[in-house]
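Colleague: Here it is, the structure in full.
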Amino acid sequence: MSELKKSWLLHLGIVALLFVLQFVLPSYHHASMARIMVLTCYAMGYNILFGYTGLLSLGHALFFAAGMYGLSLSMQHLEWLAGPALIIGLLSGVVVSLTIGLLLLRTTGVAFMIVTLMFSQAGYLTVLYFGEFTRGDEGLVIQQELRSIAGIDLSDPTSRYFAALLLMTICIIVSLRVVQAGFGRVLVAIRENNERTRMLGYDIQRHKLSAIVLSGTMSAAAGACYCLLFGYAGATFASVQYSIFPLLWVLLGGAGTVLGPFVGTLFMFYLIDLSSGLTTAYMLIAGFSLVMLTLFAPQGLVGEIRRRGLRWLP
Amino acid sequence: MNLLSTHNLSRKFGGITAVDNISFVIPTGQVRALIGPNGAGKTTFVSMLSGRIAATEGQVFFDGIDVTKEPAHLRIRAGMAYTFQITSIYGRLSVFENVALAVRWQTIGDENETKRRVEDALAEVGISDRATQLAGDLSYGHQRLLEIAMGLCQRPKLLILDEPTQGLADSEINQFIRLISNLRGVMTILLIEHNIDVVMRSADAITVLNNGKVLAEGSPKEIHENAAVQAAYLGTS
Ligand SMILES: Nc1ncnc2c1ncn2[C@@H]1O[C@H](COP(=O)(O)OP(=O)(O)OP(=O)(O)O)[C@@H](O)[C@H]1O
Ligand SMILES: [Mg+2]
């Protein structure tokens with residue numbers, strides 16, 4: 001079996017497994033899983049830029065929030081339906097990432113990190129500043145009866161689970177296609193050796209910009225869907241914390257692997273969930289496990305599996 | 001017909017003038033060697049040809065067009081290939097993928113064609129059996145050969161080689177000389193080379209740089225007999 005076939009089988013197999021899980025998971029885990037799948041999409045978006053292109057962003061919450069507020073504000077204040085509002089959420093992601101991306105192209109290394117951090121901080125403050133519309137920290141609650149597309153009530157646990165799975169499936173397919181295509185291979189080449197890639201005849205700036213827009217738009221899609229499925233948009237989602245989360249998830253799961261973001265998000269979600277059940281010092285347990293992982297599996301869980309044998313993992 | 005020419009090309013690094021007002025031509029099809037002592041400005045000069053670094057002054061013409069202002073990737077796409085003096089490969093990618101990256105913008109989506117081109121290039125430099133290894137695991141000499149393969153697989157009009165034989169074993173050097181003679185007529189070659197034996201056996205013409213200026217230019221025989229060159233270069237190496 002070719003490596004291409006194997007990787008499609010594996011990834012679609014995981015989608016099928018998640019599909020079946022819907023029918024067997026107890027309701028608490030069922031709800032958690034829906035959340036994890038949406039957040040995975042955020043992490044997958046982050047991974048395109050960090051894992052594959054090698055650009056470390058400290059401000060992805062800006063893109064997540066762009067999708068989230070694009071959707072929620074147009075529903076709340078323009079009284080748009082969920083469908084069109086979702087498209088606005090996506091477009092917000094495209095516009096914001098394209099604008100920021102053009103500015104980011106002038107920076108490299110540490111400056112890139114600082115500038116992403118700065119812009120997302122500006123985004124966070126903007127959300128607070130326009131509190132009249134966004135209701136700042138308190139946030140916007142989207143009424144349950146508005147949260148439906150084509151007659152499907154997305155606040156219902158089952159349809160919410162399937163919507164999250166659909167989004168994640170789309171993100172997996174997009175990621176796999178990108179990684180297998182010439183475009184994704186050039187992104188990896190840029191990550192591995194920027195100067196060499198330029199001298200082989202590739203337009204580095206154009207590739208970086210495309211990666212930023214793709215990554216930002218995927219993150220925005222996750223933000224918009226999160227808001228739609230869980231009915232809430234708040235300033236926390238635009239804060240630094242939400243810029244650091246995808247970095248952690250991707251590092252844990254394996255940067256530059258298609259499944260890493262899912263494994264990392266799943267792992268961290270349950271790590272915090274379980275340890276907070278044991279002790280109030282749960283961040284200590286979580287932090288300790290993270291340190292152990294970085295020491296013993298520096299390439300993340302999926303990265304480690306790839307290193308130890310499954311070299312074909314995309 | 002000249003494939004490449006420069007007009008008063010200069011490059012300053014702060015106070016030092018690494019390349020000083022060089023006007024230079026290579027006729028299409030020639031194998032030209034560029035020699036000179038350490039720090040003469042050879043790497044800086046070819047870096048300006050390929051666009052890797054910008055010229056402070058002067059112009060570069062390639063294939064009849066002024067490319068001075070063009071970014072490197074467009075010059076490469078116009079038919080220059082550049083290999084680095086300090087090996088610059090993708091150590092964590094396979095040897096195959098290293099070369100494939102060099103040709104994919106030409107084979108656009110046709111992976112069978114990519115595969116064929118990569119295999120040809122690896123065979124030409126004699127490292128076919130290494131295709132699936134990680135490039136970083138190759139010996140230094142094989143990494144040099146990979147670097148050359150990445151250049152020649154692009155089938156450029158002009159192949160720029162910056163000290164390709166540095167660190168190669170004698171047998172590999174002989175193979176390299178054979179490779180150059182096979183490429184003669186297929187592409188124009190600009191070869192920076194410290195190994196005088198290689199230069200004498202493969203170059204049609206030689207340009208000698210010293211202190212950023214052209215000290216002499218001529219056939220291998222003329223350069224060999226040139227007293228100034230002897231003094232500046234051959235005598236000291
Ligand atoms: N990036 C740089 N910054 C400052 N000075 C530089 C830079 N690159 C080259 N130089 C200087 O320019 C001069 C020419 O260097 P260059 O590398 O072009 O020489 P070369 O002929 O290739 O030498 P070698 O045979 O050692 O490779 C040297 O004095 C070098 O120190
Ligand atoms: Mg040099």
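Colleague: Considering amide H positions built from the backbone, and no H for Pro or chain starts, which residues 5 or more places from B:Ala205, or on another chain, come under 5 Å of its amide H?
Modeller: So B:Ala205 has HN proximity to B:Val31, B:Ala33.
Colleague: When the Karplus curve 6.51 cos²θ - 1.76 cosθ + 1.60 is applied with θ = phi - 60°, which whole-Hz ³J(HN,Hα) does each residue of the range B:60-75 get, with x for Gly and Pro?
Modeller: Rounded to whole hertz, the list is 10, 10, 10, 6, x, 10, 6, 9, 3, 8, 7, x, 3, 5, 6, 5.
Colleague: Gaussian network model of chain B, Cα springs within a sub-10 Å range: biggest mean-square fluctuation belongs to which of B:Leu74, B:Leu152, B:Leu34?
Modeller: Of the options given, B:Leu74 has the highest mean-square fluctuation.
Colleague: Here's something else I'd like to know. Among A:Gly151, A:Ile173, A:Phe162, pick out the residue whose Cα is farthest towards the positive end of the charge dipole of the range A:136-184, where Lys and Arg carry +1 and Asp and Glu carry -1 on C-beta, about the Cα centre.
Modeller: Toward the positive end, the furthest listed residue is A:Ile173.
Colleague: Follow-up question, since we're still on this one. Other chains' Cβ within 10 Å of B:99-106 residues: what's the mean? Walk me through the intermediate numbers first.
Modeller: Details: counts 1, 3, 12, 7, 2, 9, 6, 1.
If you average over the peptide's residues, the count of other-chain Cβ atoms is 5.
Colleague: While we're here: Show me, for the range A:135-145, the HN-Hα J-couplings you get by feeding each phi into the Karplus relation (A = 6.51, B = -1.76, C = 1.60, θ = phi - 60°), rounded to Hz, glycine and proline as x.
Modeller: So the J values, rounded to whole Hz, are 6, x, 5, 5, x, 9, 10, 8, 4, 4, 5.
Colleague: Kindly identify the range B:88-155 as rounded, prolate or oblate by the Cα gyration tensor criterion: order the square roots of the eigenvalues as a ≥ b ≥ c, call it rounded if a/c is under 1.5, otherwise compare a/b with b/c, prolate if a/b is larger, else oblate.
Modeller: Details: a/c = 1.79, a/b = 1.59, b/c = 1.12.
Taking the square roots of the gyration eigenvalues as a ≥ b ≥ c, the range B:88-155 is prolate.
Colleague: Here's something else I'd like to know. Rounded, prolate or oblate: which fits the range A:3-239, taking a ≥ b ≥ c as square roots of the Cα gyration tensor eigenvalues, rounded meaning a/c under 1.5, else prolate when a/b beats b/c?
Modeller: Values: a/c = 2.32, a/b = 1.23, b/c = 1.89.
It comes out oblate by the Cα gyration axes.
Colleague: Okay, next question. Which aspartates and glutamates does B:Lys115 reach when only Cα atoms under 15 Å apart count, and residues fewer than 8 places away in its own chain are ignored?
Modeller: Result set, ordered by chain and number: B:Glu97, B:Glu124, B:Asp129.
Colleague: Here's another thing I want to ask about it. Sort B:Thr17, A:Thr265, A:Thr169 by accessible area with a 1.4 Å probe, largest first. Don't skip to the end; give the middle numbers.
Modeller: Numbers: B:Thr17 50, A:Thr265 0, A:Thr169 30 Å².
Correct descending sequence by accessible area is B:Thr17, A:Thr169, A:Thr265.
Colleague: Please go through the range B:173-237 and write out the GluC sites (Glu not before Pro) that DSSP classes as loop and that have at most 13 other C-beta atoms within 10 Å.
Modeller: Details: sites: B:Glu193, B:Glu217, B:Glu222, B:Glu225; in loops: B:Glu193.
Passing both the DSSP loop test and the Cβ count: no residue.
Colleague: Which percentage, to the nearest 5, of the DSSP beta bridges contained in the protein assembly as shown is antiparallel? Numbers along the way, then the final one.
Modeller: Values: 25 of 43 bridges.
Here the antiparallel bridges make up roughly 60 percent for the protein assembly as shown.
Colleague: Which residue fluctuates the most in chain B, going by a Gaussian network model with Cα springs under 10 Å, if the choices are B:Met150, B:Met200, B:Met80?
Modeller: Largest GNM mean-square fluctuation: B:Met200.
Colleague: Give me the distance between the Cα centres of the range A:1-47 and the range A:65-119, rounded to whole Å.
Modeller: 25 Å
Colleague: Please turn the phi angles of the range B:166-177 into ³J(HN,Hα) values with the Karplus equation 6.51 cos²θ - 1.76 cosθ + 1.60 (θ = phi - 60°), one per residue in order, whole Hz, x for glycine and proline.
Modeller: In residue order, the calculated couplings are 4, x, 8, 6, 4, 5, 5, 5, 4, 5, 4, 4 Hz.
Colleague: Which one, B:Ser50, B:Ser171, B:Ser128, has the greatest fluctuation when you compute a Gaussian network model over chain B with C-alpha springs under 10 angstrom?
Modeller: Highest fluctuation of the listed residues: B:Ser171.
Colleague: With solvent modelled as a 1.4 Å probe, how much accessible area in total do chains A and B shield from it at their shared surface, in Å² to the nearest 100?
Modeller: Heavy-atom accessible area buried at this interface is about 1900 Å².
Colleague: Still on this model: With a 1.4 Å probe and all protein chains left in place, how much of the accessible area of chain A comes from carbon and sulfur atoms, in whole percent? List each step's numbers first, then the result.
Modeller: On the way: 9540 of 13730 Å².
Reported share for carbon and sulfur atoms: 70 percent.
Colleague: If the chain between B:Asn21 and B:His194 were fully stretched, how many nm would it gain, using 0.36 nm times the residue separation less the Cα-Cα distance? List each step's numbers first, then the result.
Modeller: On the way: separation 173, 0.36 × 173 = 62.28 nm, distance 2.29 nm.
Taking 0.36 nm per residue and subtracting the Cα distance, the gain is 60.0 nm.
Colleague: For chain B, report the accessible area per residue in Å² (1.4 Å probe, heavy atoms, rounded to an integer). Present the calculation step by step, with values, prior to reporting the outcome.
Modeller: Values: 9770 Å² over 237 residues.
Normalised by residue count, the accessible surface of chain B is 41 Å².
Colleague: May I ask you to list the lysines whose Cα is less than 30 Å away from that of B:Lys213, ignoring any residue fewer than eight positions away on the same chain?
Modeller: Filter leaves B:Lys12, B:Lys42, B:Lys69, B:Lys157, B:Lys221.
Colleague: Now, a different point. Could you work out how far the C-alpha centroid of the range B:44-111 sits from that of the range A:224-281, in angstrom?
Modeller: 41 Å
Colleague: Roughly what angle does helix B:140-152 make with the longest principal axis of chain B, taking Cα atoms, 0 to 90 degrees, to the nearest 10?
Modeller: Its long axis makes an angle of about 90 degrees.
Colleague: Do you know which residues of the range B:144-158 lose at least 50 square angstrom of accessible area in the protein assembly compared with their chain on its own, with a 1.4 angstrom probe?
Modeller: none
Colleague: If you roll a 1.4 angstrom probe over the protein chains with everything in place, what fraction of the accessible area of the range B:88-155 belongs to carbon and sulfur, to the nearest %?
Modeller: Details: 1320 of 2700 Å².
Carbon and sulfur: 49 percent of the exposed surface of the range B:88-155.
Colleague: Moving on. For the range A:26-154, what is the accessible area per residue in Å² when the probe is 1.4 Å?
Modeller: Working: 5850 Å² over 129 residues.
With the other protein chains kept in place, the range A:26-154 gives 45 Å² per residue.
The values are calculated or read from the model by the stated rules, or taken from the named source; none is laboratory data. All figures in this text were calculated on a predicted structure; none of them were measured in a lab. Neighbour counts run over all protein chains shown; Cβ positions are idealised from the backbone, glycine included. For the accessible areas, the whole protein counts, side chains as well, though only heavy atoms, and no ligand, DNA or RNA atoms are used. Shrake-Rupley method; radii C 1.70, N 1.55, O 1.52, S 1.80 Å.
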